[in-house]
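None of the figures in this text is laboratory data; all of them are computed from the coordinates on show. This is a predicted model, so every value here is computed, not measured. Neighbour counts are summed over all protein chains in view; Cβ atoms, including those assigned to glycine, are modelled from backbone coordinates with ideal geometry.
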Amino acid sequence: GRFAPQMRTGKVAATCVAARPGFAVPEEGSAEELPCDMGSFAEASGSSTCRLCSPGRFGNSRGMLRCEPCDVGYYQTMHGATSCLRCSQGSFANATGSTDCRTCPPGFSTLLEASTAMDFCACPLGRYLPDD
């Protein structure tokens, strides 16, 4: 997690410096820190490796300090994701950071993808729910 930066003169500094958050130094004796790849992060300074984003989260740029949770209506099942997936028609995700979508009850569906609540589960076109 430490490196010896090169100075403008081309000489190597006498003191090793900890890698910044969002960066890592994977090789001993390195002269530079490397930004974490998309889909990974380094929360603390002095990291020697970047960690993959966990399911339900994503990293869409390099050098991230932490991964972002998927928005409601979206999900992600994989580690190291760079984006989240829309819930398909007939399902919904009502919490941020979802790892899957919940299916509407039998006989109901959502009209659109990326639905955010069970309230969007309705009778399909051509059908209705009579008042009792």
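Taking Cα centroids, how far is the stretch 96-132 from the stretch 50-93 in Å? Answer, in whole Å: 22.
One way to sum up the overall shape of the stretch 26-132 is the equivalent ellipsoid from its Cα gyration tensor, whose semi-axes run 42, 9, 8 Å, largest first.
Please report the relative contact order for the stretch 60-112, taking Cα pairs under 8 Å with a sequence separation of at least 6, and give it as a percent rounded to a whole number. Here the relative contact order equals 34 percent. Paramagnetic label reach from Thr99 (point 7 Å along Cα→Cβ; backbone nitrogen cut-off under 19 Å): within the stretch 40-54, residues 40-41, 51-54. The relative contact order of the chain comes to 17 percent, based on Cα pairs under 8 Å that sit 6 or more residues apart. Spacing of the modelled spin labels on Ser88 and Ala18, each 7 Å from Cα toward Cβ, amounts to 4.7 nm.
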